[in-house]
Every structure is written in structure tokens, then in C-alpha cells.
């Protein structure tokens with residue numbers, strides 16, 4: 001099935017896709033805040049502009065959409081049928097860039113957690129994951 005939108009319509013629609021302050025980010029921030037943690041958002045002092053930065057604990061959290069960041073265990077891995085070569089290259093670049101950013105942040109001495117969009121289906125389990133991540137001592141925590 002080909003795209004039902006023109007190239008201009010598709011471009012306009014894609015430009016409306018948010019890259020910060022998304023619903024998954026707000027959910028994770030809310031859980032952390034309820035747990036008593038304070039954090040910074042989208043700081044540009046670290047590679048990849050982590051979605052959440054907890055400087056006191058030397059920890060960062062990236063919240064990734066399963067479709068855009070290609071979560072390997074998710075059902076959201078389809079590639080649009082129109083212009084599929086372009087999309088495959090785009091997704092491959094996203095995955096490569098994500099790996100580079102995560103490695104750079106870890107190399108800078110930060111603990112990293114990636115929360116996938118699909119993990120929001122089970123908020124109790126997500127809260128446990130966040131508690132475990134925050135309880136794990138960082139060797140560089142202040």
C-alpha cells in the first residue's frame with residue numbers, strides 16, 4: 001500500500017512529531033518526582049541531550065520511542081512501504097547514533113538507563129525498574 005499523503009503533507013505531519021516533553025517522558029518524570037528525585041531536563045552538557053539528568057546521582061535516563069529508535073522486542077518495527085529504502089537508512093542512522101551517544105555518556109562516567117515507550121504499559125514494573133536504577137550506587141555519585 002502506498003502513502004495516501006503527498007510528500008508535502010507527509011513532511012508537515014512528520015514535523016509535528018515531538019522530540020521532547022512527550023507523554024512517555026512526562027510519565028517517567030512523574031514517577032521519579034513522586035519517588036523524591038529532582039532532575040534536569042534535556043541538558044546539552046552531555047552527549048545526546050539526555051531526557052532526564054540526575055546530576056547528584058550521576059545518572060541519566062533516555063526515553064526512546066520504540067518506532068523511531070527500533071526497540072528490537074517491540075511490534076512497532078514496521079518500515080513504511082513507500083520510500084522504504086530511505087526509511088531503513090533513517091532507522092539505521094538512529095540506532096547507530098543512539099549507540100554512540102550512550103557510549104559517550106557512559107565514557108563520561110554517567111550511569112545510563114534507557115526506558116522504552118512500550119514499558120509504559122506496565123507502570124508498576126517501570127517504577128520498580130526506576131527504583132532499582134536509582135538505588136544502584138554510582139561509583140562517581142556526589
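The values are calculated or read from the model by the stated rules, or taken from the named source; none is laboratory data. A quick note: this is a predicted structure, and the numbers were derived from the prediction, not measured. Glycine gets a Cβ as well: all are built from the backbone with ideal geometry, and neighbour counts include every protein chain shown.
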*Is there any pair with a first residue in region 101-124 that is farther than 17 Å from residue 24 by Cβ and a second that is in a loop (DSSP other than H, G, I, E, B) whose Cβ atoms are under 6 Å apart and which are 6 or more apart or on different chains, and what are they?*
101/47; 101/48; 104/47; 105/46; 105/47; 109/140; 110/58; 111/138
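For residue 25, are the conditions met, namely being at pLDDT 90 or above, assigned to a helix (DSSP H, G or I) and surrounded by fewer than 17 Cβ atoms within 10 Å (Cβ to Cβ)?
No: the conditions fail for residue 25.
Could you check region 43-142 for strands (runs of 3 or more DSSP E) lying wholly inside it with 3 or more residues that are at negative phi and within 15 Å of the chain's Cα centre (by Cα)?
So the answer is 59-64, 111-116.
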*Pick from 54, 46, 77: which is without any contact (Cβ under 8 Å) to a residue 12 or more places away in the chain, within 22 Å of residue 22 (Cα to Cα) and in contact with a helix residue (DSSP H, G or I) (Cβ under 8 Å, 6 or more places away or on another chain)?*
77
*Residues that are modelled with pLDDT of 90 or more and touching a strand residue (DSSP E or B) at 6+ places or on another chain (Cβ under 6 Å), drawn from region 65-109*: 102, 105, 106
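So, residue 28, is that one within 14 Å of the chain's Cα centre (by Cα) and under 20 Å from residue 135 (Cβ atoms) or not?
Yes; evaluated as a whole, the condition is true for this residue.
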